[in-house]
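What follows is a set of notes on a single structure, which appears directly below.
No lab work stands behind these numbers, since they all come straight from the coordinates. Remember, predicted model here, so these are calculated numbers, not experimental data. Positions of Cβ are backbone-derived with ideal geometry, glycine not excepted, and every protein chain shown enters the neighbour counts.
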Amino acid sequence: MSGTVAAPTDAIVLGEREARLLGAHLQRLRRWNDAAQVRVVISTMDSPATIGVYAAPPMRVVSYVQLPLAGAAPSSADVTVAAREIAFEARSQGQTALVLPASGPGIPELAVLPPADGWHLPIHGVAGDVVPSVEGAVAEFKSRSVSAIDADALAEEIWSRQVFGGLPMRMLHTARLLGMLGADSARIAASTRTGWKRLTTIRGQIYQRVPGALDRPSLTVVR
C-alpha cells in the first residue's frame with residue numbers, strides 16, 4: 001500500500017497552467033466519485049521534479065496524470081489522500097502551492113501501480129478518430145439501459161468490447177470522461193505488456209490490469 005513515505009514538508013509548487021490542469025482533473029474525478037482517493041507520487045529524480053496522480057475510477061481501470069513542479073523541489077513522497085481535501089494556494093509570480101491533507105491507509109485498487117517499462121507493440125492513432133465510437137457506445141448504453149433487466153451485464157457487454165488497439169471500450173470511455181480524449185488531432189497510443197494494457201494520450205494515461213496474467217508486482221514507492 002502507499003503511505004509508506006511521508007508527505008513532503010516543503011511546499012509543492014506548480015506553475016499556473018499546471019495547477020489549472022491538475023485542479024480540473026481532480027474536479028472530474030470528484031464528479032464521478034466525490035469520495036475519490038488519489039495516490040500522489042512526488043519524484044525528485046526527474047528534472048524538473050514531477051507530481052504524479054493515480055486514481056481508480058469506477059471502471060476497473062487506473063488513471064494517471066503527471067505534471068512538472070515549479071520552484072525548489074520538495075522531498076519525494078508517496079501518499080494516498082482524498083481528492084476533495086487537496087487544496088491550492090495562490091502565490092506570486094503565477095505559481096500555486098499544492099497542500100496535501102493527512103495521508104490515509106491507501107486503497108486496494110492503487111496498491112500495485114502500473115509498471116514504467118516493458119511496454120511493447122505500440123499502436124498509434126488520432127484522438128478524433130476514436131471519439132465517435134466512444135460516443136456511440138455511451139448512446140447505446142443509455143438507450144438500452146431503459147429496458148435492460150440487468151444493467152450491470154449490459155455495462156459489462158459494452159465497456160468490455162475491444163476497440164482501438166485491442167483496448168477495451170472502458171479505457172477510452174474513462175479517458176473521455178476525464179478530459180484526456182478530445183475530438184481533436186492529438187496523438188494517442190495503445191500498448192501492452194505482461195499483465196497490463198495502456199492508453200497513452202497527451203493529457204494522461206489509462207491502464208487496465210489483465211485478469212489472470214502472470215506479472216511481477218510493482219509497488220513503485222518513491223524514496
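Rounded to the nearest Hz, the phi-derived 3J(HN,Hα) couplings of region 119-124 under the Karplus curve 6.51 cos²θ - 1.76 cosθ + 1.60 (θ = phi - 60°) are 7, 8, 6, x, 10, 9, where x marks glycine and proline. Over all directions, the projected convex hull of the C-alpha atoms in region 12-110 averages 6.0 nm² in area. Counting neighbouring beta carbons within 10 Å and listing from fewest to most, the residues Arg39, Arg176, Arg144, Arg31 come out as Arg31, Arg144, Arg176, Arg39. The HN-Hα couplings worked out from phi for region 79-91 by the Karplus form 6.51 cos²θ - 1.76 cosθ + 1.60 (θ = phi - 60°) are 9, 10, 9, 6, 4, 6, 9, 6, 10, 10, 10, 5, 10 Hz, whole numbers, x standing for Gly and Pro.
Listed values for region 126-135 are Karplus-derived 3J(HN,Hα) couplings in whole Hz (6.51 cos²θ - 1.76 cosθ + 1.60, θ = phi - 60°), namely 10, 3, x, 6, 9, 4, x, 5, 5, 5, and x replaces Gly and Pro. Each of Arg20, Arg170 has some number of other Cβ atoms within 10 Å of its Cβ, and from fewest to most they run Arg20, Arg170. Here region 12-110 is treated with +1 on each Lys and Arg Cβ and -1 on each Asp and Glu Cβ, and its dipole about the Cα centre works out to around 300 debye. When +1 charges are put on Lys and Arg Cβ atoms and -1 charges on Asp and Glu Cβ atoms, the dipole computed for the chain relative to its Cα centre reaches about 140 debye. Relative to the globular-protein estimate of 2.2 N^0.38 Å, the Cα radius of gyration of the chain stands at 1.04. Taking the number of Cβ atoms within 10 Å of each Cβ as an exposure proxy, the fewest-first ranking of Leu69, Leu21 is Leu21, Leu69.
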